[in-house]
Amino acid sequence: MSTEQIYQRIKSLREQLNHHNYQYYVLSQPTISDYEFDALLKELTDLEAQYPEFDDPNSPTKRVGSDISKEFNQVKHRFPMLSLANTYTEEEVLDFEDRVLKALTTEPEYVCELKYDGVAIGLTYKNGKLVQAVTRGDGTIGDDVTANVRTIKSIPLVLHGNYPDDFEIRGEIFMPRNVFEDLNREREEDGDTPFANPRNAASGTLKLLNSTVVAKRKLDCFLYYVLGDNLPFDNHYQNLVAAKDWGFKVSEHVKLCTTSKQVMDYIHYWDDARKKLPFDTDGVVIKVNSYQHQNALGLTAKTPRWAIAYKFKPERVSTTLLSVDFQVGRTGAVTPVANLKPVKLAGTVVKRASLHNADQVELLDIRIGDSVFVEKGGEIIPKIVGVDSLQRTLFSTPFVFPENCPECGTQLVRPEGEARHFCPNQIGCPPQIKGRIEHYISRKALNIDGLGEETVALLFDNKLIKDPSDLYTLTKEQLLNLERFAEKSADNAIRSIENSKQVPFPKVLYGIGIRYVGETTARKLAMHFGNIDSIATAKMDDLLEVDEVGERIAQSIIDFFSNPLNVDFISKLKGFGVKLEISSSEQQVKSDKLKGLSIVISGTFSKISRDDLKELIQQHGGKNVGSVSASTSMLVAGDKIGPAKLDKANKLGVKIVSEDEFFELIKD
Ligand code: IVH
């Protein structure tokens, strides 16, 4: 292919992929299979890698993000980002309408919208291309989060149709409930604190420095406000409908109302119907439609006079606290769970609610037999928000956090700085053992299919397995003796267990289940140290050199390997041939140009991400270390390098090279 033909192909692939993204993420009407989509994406990714001269930040391949770590730049909003006055009663809505009527000479139209519960974002498009995405910040200045926003599939990078050449569109970035639930499940499995609600998860995600992680979190975005000097229509509603044609995700629930009754009907309808939506809303927004009317009404210091928010009341019911269970998880963490007299709340029957930890229980002074208030606000899991102390009877009994594990009787411990209690009986406590085995076989770890939670329980109860390494001793006959298995399913399970010996080391390390070592950390540790023995013998300082490993994780690793039972477990895995080191293809030794050198990197880099740079150092035989000391051989200095580090390097006479000079060093 000639260069021109290649460029045309790249262009055509980008257009096709943009179109299919729109069909899938905005319209929810895909017209090709995931497989076909992936094939197009791969072709484009390969071509772009081969022909970097045709690179484009708005290419659909950029949706995967990059881990080039940049603190966010602060950007001034072209139009200040106002917020909305809140109302909580219908009366206040009527008052708003009265004020509007009084200020205008003609009857207004209203646009009613849902109030999405997420993070506000302003997107600037120039000549049909996304150029900047800025958070609300203080309303005047916000954070430039463009790199992260580019990964959100429902936000178009390139527009279609008849869009203005320079405009801003605002909307709300949110995390759909099912994505939030999956994310929290994963976080709990990894020993990370779960997010309280989808809004916090969305805002936490948007502020991550590594956009590859953002890309995986499946954020979504509704757009609700177009701003600019050359908009096609003189009213909010028509511009919003037009924005849909340019490729934006505009909610289908936006309604143009001409009477106050229609506004009230909208509020009443959504007060209940919102519970069935797959995302969180916390109210309804009512906006005066015509720009002429909006201008006539004007603004207050913080909010427009032409719009208000009507906030839904979080649903709250009272019920009786019957008892409290204490659940023990894989890591031994004990969570109190309230058993409630079943009660209908927000469309579902609630029987259980999490009480989180002992502090929470103490704070609320909850007693068994109490009449408690249960709320389902932004949170998915209902929570007990208080006790109706007026209803407290003589029969309510304070409950004390158990001193011993409810499953195995071992005395619980509460590490300093931890709100949770833990059962330290790692080897003898059944839910911990089963939890570890379930984690080991899970998809992101050793990916052993053909076994599930119930099978693990069955195998454990029949004393066939007591730690994950016992899986490798299972025979087909043993499985066939269990009622769940037939010839074919037993074959499948055995094959899948055998295949897991080929699973790469980073996934095995994750599967081993060291507290706080999630998927990413496991990969970083594996790449840094190369094999399990080096991790097992690493000292605190060595561990801290690994990107994203802080003292909490490092201590957890040290604790893990100082337990002889774990050492024994690892040695059994080794004996069965499970991969406990990086294979040479993963290691990709490229040269020994940096052999014996201890290299510190600092700052941000324009051509390569920090992680890739570290990997490159290793691939060329060097060792990446965290801080400058007398034994440091070289400092690779990027942009915005900390002055202290630079100073120290200078004082110690450490060689300082730029990003470009570093590439020169390792060039063939
Ligand atoms: S319009 C000047 N429409 O609510 C008008 N805001 O409390 C600005 N929000 O900062 C906002 N859904 O983050 C508008 N349909 C909607 C909305 C909405 C959610 C958020 C937005 C805003 C906050 C105001």
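The values are calculated or read from the model by the stated rules, or taken from the named source; none is laboratory data. Keep in mind that this is a model prediction, so the values were computed, not measured. Glycine gets a Cβ as well: all are built from the backbone with ideal geometry, and neighbour counts include every protein chain shown.
Details
- Count of segment 293-327 residues, restricted to those that are within 30 Å of I384 (Cα to Cα) and more than 10 Å from the ligand (Cβ to nearest atom), is 17.
- Only listed residue being closer than 23 Å to K126 by Cβ and within 13 Å of the ligand (Cβ to nearest atom), chosen from Y237, Y224: Y224
- Taken over segment 627-641, residues that are closer than 16 Å to D547 by Cβ and surrounded by fewer than 20 Cβ atoms within 10 Å (Cβ to Cβ) amount to 1.
- Helices (runs of 4 or more DSSP H) contained entirely in segment 558-649, each with at least 2 residues that are of a type in the set (V, I, T): 564-575
- Inside segment 243-265, residues that are closer than 30 Å to H19 by Cβ and either crowded, with 17+ Cβ neighbours inside 10 Å or aliphatic (A, V, I, L, M) (or both) make up a count of 12.
- Of all residues in segment 270-292, exactly one satisfies the criterion of being more than 13 Å from the ligand (Cβ to nearest atom), more than 19 Å from K376 (Cβ to Cβ) and in a helix (DSSP H, G or I), namely Q292.
- Residue within segment 543-555 that is out of contact with any helix residue (DSSP H, G or I) (no Cβ under 8 Å at 6 or more places or on another chain) and touching a residue at least 60 places away in the same chain (Cβ under 8 Å) present: no
- Of residues in segment 135-153 being of a type outside the set (G, A, S) and within 13 Å of the ligand (Cβ to nearest atom), the one modelled with the highest pLDDT: T135
- Those strands (runs of 3 or more DSSP E) of segment 45-123 in which at least 1 residues are surrounded by fewer than 20 Cβ atoms within 10 Å (Cβ to Cβ) and of a type in the set (S, T, N, Q), considering only elements entirely within it, cover 74-76, 85-87.
- Flag for S211 being crowded, with 22+ Cβ neighbours inside 10 Å and in contact (Cβ under 8 Å) with a residue 60 or more places away in the chain: yes
- Listed here are the helices (runs of 4 or more DSSP H) enclosed by segment 481-537 that have at least 3 residues being under 28 Å from the mean Cα position of the chain (by Cα) and in contact (Cβ under 8 Å) with a residue 60 or more places away in the chain: 505-512, 519-529.
- Candidates N235, N184, N239, filtered to the one that is among the polar types (S, T, N, Q) and under 30 Å from A333 (Cα atoms): N184
- Selection from segment 141-174 of residues that are over 23 Å from H20 (Cβ atoms) and without any contact (Cβ under 8 Å) to a residue 60 or more places away in the chain: E172
- Looking across segment 102-134 at every residue that is under 19 Å from F79 (Cα atoms), touching a helix residue (DSSP H, G or I) at 6+ places or on another chain (Cβ under 6 Å) and within 16 Å of the ligand (Cβ to nearest atom), the one that is modelled with the highest pLDDT is identified as A133.
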